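Below is one structure, written out as structure tokens; comments come after it.
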Amino acid sequence: MQLQLQQLLPVYFEESRKASSEIWGKDLAFSKGEMIKIVAPSGSGKTSLMHFMYGMRKEYTGVVKYGDKNISQFNAEDFALHRSNHISIVFQDLRLFPEQTVLENLEIKRQLNPYHSKEKIQYMASRLGIGDKLQSKARICSYGEQQRVAIIRSLLQPFDFLLLDEPFSHLDNENSQKAMELMLEESRERNACIVFADLERIDYFPFTRLFHL
């Protein structure tokens, strides 16, 4: 399966943005197994791009396709199935359930389409330094801890594409590298593609292709 972007451009951007971007207004295809890095300064539409690829927003011209399927033609049931089986995401704003515990946030996700056992949650949490936070409500965790919860949550389902929207913005370098190692392991296990958008290049992400938004 490929993720294809065909002449994509947010409706709120001028056509002139195409000239300076390596993403907007271009025809691109990302394949399983690739590591795609997108350097995206503030205001360049990074989060919009992630939302377009995930199917959350439609304020764009052009086409987003997975395989031969144009997601603009998906209904709610199509999107639910697609997200459950083929695409996962770490949102910049995380979108955790604040009144649920860390474990409940993760177990809710895992049960939707189990890829890992419940025991794997403890393993991942321990690797990322939040093994002692599983019974804490998400809202009382620090933002960095919440970010690690969101990263683990994204890895508990099957996926062909993993979308990352500034996943390490509140993590120090050591914790960021640990989280990246875990995501790379999980993606390689699935032969999945990572599409990683951030403000700058990150040395410990072994991208196969680099784009400037």
I'd like to check something: does the stretch 129-143 contain any residue that is out of contact with any helix residue (DSSP H, G or I) (no Cβ under 8 Å at 6 or more places or on another chain), under 30 Å from LYS32 (Cβ atoms) and polar (S, T, N, Q)?
no
Collect the residues in the stretch 55-67 that are hydroxyl-bearing (Ser, Thr, Tyr) and within 11 Å of LEU3 (Cα to Cα), keeping them in residue-number order.
TYR66
Quick one: is LEU106 surrounded by 23 or more Cβ atoms within 10 Å (Cβ to Cβ) and at pLDDT 95 or above?
yes
In the stretch 159-169, is there at least one residue being over 18 Å from ALA138 (Cβ atoms) and among the small types (Gly, Ala, Ser)?
no
Scan the stretch 57-77 and report the pairs whose first residue is closer than 16 Å to ILE87 by Cβ and whose second residue is in a loop (DSSP other than H, G, I, E, B), with Cβ atoms within less than 7 Å and a gap of 6+ or a chain change.
TYR66/MET1; TYR66/HIS86; GLY67/MET1; ILE71/GLY55; SER72/LYS58; PHE74/GLY55
Residues of the stretch 1-22 classified as over 18 Å from SER72 (Cβ atoms) and aliphatic (A, V, I, L, M), total:
1
Only residues that are touching a residue at least 40 places away in the same chain (Cβ under 8 Å), aliphatic (A, V, I, L, M) and not in a loop (DSSP other than H, G, I, E, B): list them for the stretch 140-183, please.
VAL149, ALA150, ILE151, ILE152, LEU162, LEU163, LEU164, ALA179, LEU182
Among the residues that make up the stretch 199-206, is at least one of them surrounded by 21 or more Cβ atoms within 10 Å (Cβ to Cβ), over 20 Å from PHE30 (Cα atoms) and out of contact with any Phe, Trp or Tyr (no Cβ under 9 Å at 6 or more places or on another chain)?
no
Where the second residue is assigned to a strand (DSSP E or B) and buried (at least 16 other Cβ atoms within 10 Å of the Cβ) and the first is of a type in the set (Phe, Trp, Tyr) and lies in the stretch 87-110, which pairs have Cβ atoms under 8 Å and are six or more apart or on separate chains?
PHE91/ASP165
Just for the stretch 56-103: of the residues that are on the phi > 0 side of the Ramachandran plot, part of a loop (DSSP other than H, G, I, E, B) and not basic (Lys, Arg), which one is surrounded by the fewest Cβ atoms within 10 Å (Cβ to Cβ)?
GLY67
Yes or no: the stretch 93-107 includes at least one residue that is of a type in the set (A, V, I, L, M), more than 24 Å from LEU184 (Cα to Cα) and out of contact with any Lys or Arg (no Cβ under 8 Å at 6 or more places or on another chain).
no
Give the number of residues within the stretch 8-55 that are of a type outside the set (Phe, Trp, Tyr), assigned to a loop (DSSP other than H, G, I, E, B) and in contact (Cβ under 8 Å) with a residue 12 or more places away in the chain.
15
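The values are calculated or read from the model by the stated rules, or taken from the named source; none is laboratory data. For clarity, every value in this text was computed on a predicted model and none was experimentally measured. Using ideal geometry, Cβ is built from the backbone for each residue, glycine included, and neighbour counts are taken over all protein chains shown.
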